[in-house]
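Scroll down for the structure; my scribbles are underneath it.
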Amino acid sequence: MLEGLIRSITFAAAVCGVLASASSQAQQLTKVRVSTIPIIDTIPLAAAVAQGYFKAEGLDVDTTPTVGGAVGLPALAAGQIQIGYSNIVSIVLGNYEGLGFEMIAAGSASGDAPPNTAALFGKKGTDIRNGKDLEGKRVAVNTRNSINWLVVREWARLMGGDPNRINFVEVPFPSMTDALRTGQLDAGFTVEPFLSAGVKGGVTEIIGWPYDRIMKRVPISQYAATKSFIDANPELIVRWVRAYNKGIDWINQNSGSEEWIKLVAGHTRMTADQVRNIALPVWDKTVNPAAVEKMVDVMRMHGLLAGDHKLNVGSLLHTTATTEVK
Amino acid sequence: MPEGYRGRWPDRALSAAAIIVSLGALELAVHFGSVNGKIIPPPTAVLQRMWDLVSSGAVLPPLGTTLYLLFVAYVCGCGTAILLGLLMGRFRPVYNLLEPLVELLRPLPKPALLPLLILLLGLGDTMKLTTVGLAVFFPVLINAIQGARGVDPVLINTARTFGYSPLAILWKVILPAAAPMIFVGMRVSLALGLLLVVLTEMLAGTGGLGFLIVDMQRSFKVLDMYAWLVILAVLGFALNATFVRIEHWAIYWVVEVQ
């Protein structure tokens with residue numbers, strides 16, 4: 001009986017020991033909340049989480065999906081998330097209004113020629129061909145005052161129309177194809193994999209490539225944090241970006257493989273067939289300051305950043321965004 | 001002057017003082033940095049921006065859009081509800097016919113129906129007016145039914161004695177007798193209607209107060225967003241005050257019990 005008692009006490013002690021070491025290991029990981037959008041552009045983040053790169057850097061990354069950067073960034077300003085994935089326009093607007101947003105890592109950029117990773121699309125058989133045709137029409141964007149909204153306006157302007165006559169309606173990316181099919185909207189700007197899925201399904205057709213009309217390698221999106229968080233946790237930011245960059249490497253090296261397709265399909269809630277052969281964005285590990293300046297100019301041209309003070313472009317980029325973190 | 005009237009002024013001063021003290025505390029908190037002024041601007045800045053918007057006339061187009069939607073949906077919703085409510089209240093067969101449908105639809109929170117209505121009716125004015133109309137309809141309907149039922153039978157019998165037709169009884173006796181209850185329902189519906197108008201504009205609008213509030217949020221123009229929110233609050237207050245005035249004029253025979 002004594003033997004049995006000693007055995008059970010030893011067993012209990014061993015279990016406690018394991019639990020204690022496990023919990024102390026968990027305590028070593030710093031929790032970082034990141035807001036994201038379930039589209040192709042954020043797949044390097046998903047890969048970095050899936051491959052354990054963040055854990056290797058001592059970070060426990062918790063992702064929160066949102067419909068767009070313009071929705072995720074207010075949470076960043078409030079401190080509920082530490083890093084936000086967002087389109088460049090929303091980050092610049094937030095920085096301009098004094099919310100302290102700084103880009104810490106590059107997100108996605110458009111390529112050098114069509115097919116781009118995102119396009120203006122309409123119902124199959126649409127008669128919208130240029131900017132003038134878009135006037136008075138209802139066009140879907142995921143959020144207003146974002147890059148999608150801006151590039152459609154710029155495309156319309158370059159193609160002979162008045163962007164102020166377009167009615168922009170906010171619709172989440174996955175819902176745009178249905179909204180076009182039922183005729184609630186006349187056109188939309190969407191991203192992969194929803195773009196190809198709609199075209200392949202014979203429901204929609206592409207009207208134009210706004211990114212390509214503006215410039216090559218539009219710096220579509222970045223990851224941002226607040227200046228106060230960066231100043232308080234510079235090391236953490238470097239570790240996060242290093243792990244994220246490894247995620248980019250993995251995505252580029254395994255492009256098209258079955259594991260890659262499974263990751264994309266799970267991340268965007270599409271089927272494996274729908275995510276095969278989609279147009280990919282360019283994933284660089286740094287942000288090009290000149291490209292950012294160009295986008296800021298486009299923003300000014302459309303009446304943004306028109307307040308009583310000038311935007312300080314230097315305050316937009318943290319070192320981890322301009323110098324590759326290895 | 002009635003006894004209770006003079007007593008109102010100290011009460012009003014107290015509630016005004018409470019608001020002023022809270023706003024003052026917020027102003028100080030922002031000034032001394034314990035609240036981030038970029039996320040919650042100081043009240044004086046918000047009032048200044050409000051004044052700019054009002055004095056420049058920039059407040060008028062969105063206000064017009066919102067009020068137009070509210071007014072049309074409110075009138076249609078209330079009109080249908082009063083008519084249906086009086087009929088359901090007085091005629092058993094009508095009540096039995098429509099009551100299950102009403103009880104099925106009434107408990108559904110109307111904001112939750114918005115995605116369904118967008119799917120069915122698109123994103124245009126039809127959808128917006130239907131959504132707001134539905135929200136306005138039910139409180140007035142229920143109150144109209146109860147109001148019609150609660151009419152003193154002596155009034156109705158007297159009217160019958162004078163040879164009134166059923167329609168005349170409905171119009172000249174039942175409607176005025178049910179009016180106080182109907183007005184209660186209409187006041188609830190006014191607030192509900194404004195809520196739904198703003199919500200619809202936020203989700204599917206191209207103008208109006210709700211659209212602007214979301215737009216300012218998307219541009220991170222926090223000061224403007226708060227200014228428009230306060231304008232919305234003032235609108236709600238003004239609508240309610242106007243409603244009370246109209247109510248006192250319409251059913252002047254009801255003595256307001258403090």
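Return yes when B:THR126 is without any contact (Cβ under 8 Å) to a residue 12 or more places away in the chain, within 14 Å of chain A (Cβ to nearest Cβ) and of a type in the set (Val, Ile, Thr) and no when it is not.
Yes.
A:THR143 fails exactly one of the following numbered conditions: (1) surrounded by fewer than 24 Cβ atoms within 10 Å (Cβ to Cβ); (2) modelled with pLDDT under 95. What is the number of that condition?
Among (1) surrounded by fewer than 24 Cβ atoms within 10 Å (Cβ to Cβ); (2) modelled with pLDDT under 95, the lone unmet condition for A:THR143 is (1).
Among the numbered conditions (1) surrounded by fewer than 23 Cβ atoms within 10 Å (Cβ to Cβ); (2) in a helix (DSSP H, G or I); (3) within 14 Å of another protein chain (Cβ to nearest Cβ), tell me where A:VAL89 comes up short.
Of everything listed in (1) surrounded by fewer than 23 Cβ atoms within 10 Å (Cβ to Cβ); (2) in a helix (DSSP H, G or I); (3) within 14 Å of another protein chain (Cβ to nearest Cβ), A:VAL89 misses just condition (1).
If you go through the stretch A:41-54 one residue at a time, do you hit one that is within 11 Å of chain B (Cβ to nearest Cβ) and not in a loop (DSSP other than H, G, I, E, B)?
There is no residue in the stretch A:41-54 that is within 11 Å of chain B (Cβ to nearest Cβ) and not in a loop (DSSP other than H, G, I, E, B).
Name the one entry in B:LEU116, B:LEU101 that is without any contact (Cβ under 8 Å) to a residue 40 or more places away in the chain and under 15 Å from B:LEU203 (Cα atoms).
B:LEU116
Sort out which residues of the stretch A:70-86 are more than 10 Å from chain B (Cβ to nearest Cβ) and more than 16 Å from the chain's Cα centre (by Cα), and write them in order of number.
A:GLN80
Could you count how many residues in the stretch A:57-69 are touching a Ser or Thr at 6+ places or on another chain (Cβ under 8 Å) and more than 12 Å from every other protein chain (Cβ to nearest Cβ)?
The total comes to 7.
Out of all the residues in the stretch A:299-318, which are under 20 Å from the mean Cα position of the chain (by Cα) and not in a loop (DSSP other than H, G, I, E, B)?
A:MET299, A:LEU316, A:LEU317
Can you tell me which residue is surrounded by the fewest Cβ atoms within 10 Å (Cβ to Cβ) among those in the stretch A:146-171 that are touching a Lys or Arg at 6+ places or on another chain (Cβ under 7 Å) and within 12 Å of chain B (Cβ to nearest Cβ)?
Once the filter is applied, the top-ranked residue is A:ASN167.
Considering the stretch B:189-226 alone, what residues qualify as being farther than 21 Å from A:GLN184 by Cβ, touching a residue at least 60 places away in the same chain (Cβ under 8 Å) and within 14 Å of chain A (Cβ to nearest Cβ)?
Once the filter is applied, which keeps residues that are farther than 21 Å from A:GLN184 by Cβ, touching a residue at least 60 places away in the same chain (Cβ under 8 Å) and within 14 Å of chain A (Cβ to nearest Cβ), the stretch B:189-226 yields B:LEU212, B:VAL222, B:LEU223, B:ASP224, B:TYR226.
The values are calculated or read from the model by the stated rules, or taken from the named source; none is laboratory data. Predicted model only: the values in this text are computed from it and were never measured. Using ideal geometry, Cβ is built from the backbone for each residue, glycine included, and neighbour counts are taken over all protein chains shown.
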